Amino acid sequence: MTVKIGVIGTGAIGSDHARRINQVLSGGKITALHDFYPASAESTKTRFAADAEIFASGEELINSPSVDAVLVTTTGATHEAYVLAAIAAGKPCFCEKPLATTAAAAKRIVAAEIAGGQRLVQVGFMRRYDEGYVALKQAVQTQTGAPIMVHAAHRNPTVPTSYNTPMAIHDTLIHEIDVFRWLLDDDYVSAMVTFPRRAARSHAQLRDPQIVTLKTAKGVVINTEIFVNCHYGYDIQCEVVGEDGIAKLPDPMAVSMRLAAKLQSPILTDWKDRFVASYDVELQDFLRAAARGTASGPTAWDGYMAAIASDACVTAQENEGQAIAINCPPRPALYA
């Protein structure tokens, strides 16, 4: 069965997903497109989805008989409405992170899915599909002993001036918030944020860098550096300190060179290149599940848990140095 896919949001990640579904993966075809900027949808159609119909609204696309499943790749604040519409239409929905920008909005999505009695939502936490993280989880589960601490970093070379301090949580740390829950099989109980000296390349709306400290129910302490104007490249680091040893996320494969009297290797600068393989595996997983009329991978509940922690981290930004409690409700049976 070929799953007919509608893409809502044809910016960088939306158009890239359209490309991979039509040109790389199996079992899916892009049949519909919508973007707030019609020229963006037209461009994606021309480059990657010549047969797709362009719709005037996301809601029209969702309810079209030419669409079996939906990709929501718009800005975070619009996710809730589109995902709820997909659930109401009974169509599997892949939603890029974050599921929603507040816990209250994510909770409404969970409630709608539970009311429908089946999983329809997959959240785009692609790091769970990354070979490095999968290998790291295996090492943590079988070799390093019980985790005690995690040291991590999320560094971007630069961000636009529209990027503000809370976005460092909602748009950047959100990946770590999810992948640490999965990596450690644990939930959070508190969050704290501290701000070092502001980096010279930061701007008026952004305090950069920052250190987020999360504590889990099992007592693991996680320190994550968020530095989104680090200049030198896109760099994701993670090291788990266990009772018996330490496991570290491998760097992407790169050729070491001895050149111009230096030993050097290249560092990626584009986040799409760093996780390109995991995006492929993630979307293929979605297509397989959508062909069965359901969803796989990270759940709406995972998106809700990430949103709860994200809200606490933003509160911690506003109360520097104070530990903010994170209260996780019991997991519903649908997500057991």
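Quick notes
- The stretch 214-226, residues that are under 18 Å from Glu176 (Cβ atoms) and either surrounded by fewer than 15 Cβ atoms within 10 Å (Cβ to Cβ) or in contact (Cβ under 8 Å) with a residue 40 or more places away in the chain (or both): Leu214, Lys215, Ala217, Lys218, Val220, Val221, Ile222, Asn223, Thr224, Glu225, Ile226
- A single entry from Ala100, Ala106 fulfils the requirement of being modelled with pLDDT of 95 or more, over 13 Å from Ala290 (Cβ atoms), buried (at least 24 other Cβ atoms within 10 Å of the Cβ) and within 17 Å of the chain's Cα centre (by Cα): Ala106.
- Inside the stretch 114-170, residues that are of a type in the set (Phe, Trp, Tyr) and surrounded by fewer than 13 Cβ atoms within 10 Å (Cβ to Cβ) make up a count of 0.
- Residue pairs meeting the criteria (Cβ under 7 Å; at least 6 apart or on separate chains; first over 11 Å from Leu184 (Cβ atoms), in the stretch 133-147; second among the charged types (D, E, K, R) and not in a loop (DSSP other than H, G, I, E, B)): Tyr133/Arg127
- Criterion applied to Asp285, Asp251, Asp302, Asp244 was being out of contact with any Leu (no Cβ under 9 Å at 6 or more places or on another chain), closer than 30 Å to Lys29 by Cα and of a type in the set (Asp, Glu), and the one residue passing it is Asp285.
- Any chance Pro250 is touching a residue at least 24 places away in the same chain (Cβ under 8 Å) and exposed (fewer than 15 other Cβ atoms within 10 Å of the Cβ): yes
- Filter result for Pro298 (part of a loop (DSSP other than H, G, I, E, B) and surrounded by 14 or more Cβ atoms within 10 Å (Cβ to Cβ)): yes
- Exactly one residue among Ala261, Ala295, Ala290, Ala254 is small (Gly, Ala, Ser), assigned by TED's automatic domain parsing to the domain that holds Gly11 and more than 22 Å from Ala103 (Cα to Cα), and that residue is Ala290.
The values are calculated or read from the model by the stated rules, or taken from the named source; none is laboratory data. Remember, predicted model here, so these are calculated numbers, not experimental data. Positions of Cβ are generated from backbone atoms using ideal geometry, with glycine treated the same way; all protein chains shown enter the neighbour counts.
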